[in-house]
Protein chains: 2
Amino acid sequence: MSEQPRNIGEALESVEGFWQPHRLVSINDYDVKVVRIHGEFVWHTHPDTDELFLVRSGCLTIQLRDHDVELGPEDVYVVPAGVEHCPKAEGEVEALLFEPKGTVNTGDAGGAMTSPLREL
Amino acid sequence: MSEQPRNIGEALESVEGFWQPHRLVSINDYDVKVVRIHGEFVWHTHPDTDELFLVRSGCLTIQLRDHDVELGPEDVYVVPAGVEHCPKAEGEVEALLFEPKGTVNTGDAGGAMTSPLREL
């Protein structure tokens, strides 16, 4: 099924809440999502999949148990499967996520910050 | 295996040729590639996979057999598997590609513009 082109900036303008991934497009059995980030998330792991972060704006820290990874605009980082991590951002961050369909934002942790994938 | 963060702009600065995808990062069995585009490519199809284009700069036309798709900065478009297409750009375009590892740039067409995946 052919989808229409989507613009990342316009998509993010329509997203109001933080930590709520919205599906931008899909490719095969993967989703590309946009998300607005602020504050600290929860420590979690995706046991079965890597997770890609692409920062559009702002400064995002991916806390790992042994060090932090600092990301700015246009930085891309892949958290390997099985690696515990906790994103945080003192200011607002706009980011893209690329991961298999069905990947839950809180991974194995669950809890109040678990968000269903939203459509734009 | 954990990789270092990569910056999209820096990666593209190190790419000299057009139509030569370079691997930025990998996620599971997918590659994220950067590519510089200018001129017209070749008509081709990827029978077994969708192909995602994310334009960073410039104006990219994805010619399909029944219409053209026009993409500008921050536009994302997915060419469905099996759909014949031919990218072209009158000016220079910088773009990202998401696709499964092993996807060849010319798909089923082959020919002189076939490029091995390059490392940065």
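Some points to look at:
- Ignoring lysines fewer than eight residues from B:Lys88 along the same chain, the ones with Cα atoms less than 26 angstrom from its Cα are B:Lys33, B:Lys101.
- Taking the chain by itself as reference, region B:80-97 contains these residues with an accessible-area loss of 20 Å² or more in the full protein complex (1.4 Å probe, heavy atoms): B:Pro80.
- Carbon/sulfur fraction of accessible area - region B:22-108, other protein chains in place, 1.4 Å, %: 46
- With label points set 7 Å from Cα along Cα→Cβ, the inter-copy distances at A:Phe18 are 4.4 nm, sorted shortest first.
- Two-decimal log10 I(q)/I(0) for the protein assembly as shown, as the Debye equation yields it once each C-alpha is a single scatterer, q = 0.13 Å⁻¹: -0.76
- Alpha carbon Rg of region B:22-108, scaled by the compact-globule rule 2.2 N^0.38 Å: 1.00
- Label distances, nm, A:Cys86 versus same residue in remaining copies, Cβ-directed 7 Å point: 5.5
- Helices in chain B, meaning DSSP H runs of at least 4 residues, each add -39500 (n - 2.57). Divided by all residues, the mean residue ellipticity at 222 nm is -1000 deg cm²/dmol.
- Per-copy distances of the B:Pro5 label point, shortest first, in nm (7 angstrom along Cα→Cβ): 2.9
The values are calculated or read from the model by the stated rules, or taken from the named source; none is laboratory data. Since the structure is predicted, the reported quantities are computational estimates derived from the model, not experimental observations. Backbone-built Cβ (ideal geometry, glycine too); neighbour counts: all protein chains shown. Heads up: the accessible areas ignore ligands, DNA and RNA and are worked out on the full protein's heavy atoms, side chains in. Shrake-Rupley method; radii C 1.70, N 1.55, O 1.52, S 1.80 Å.
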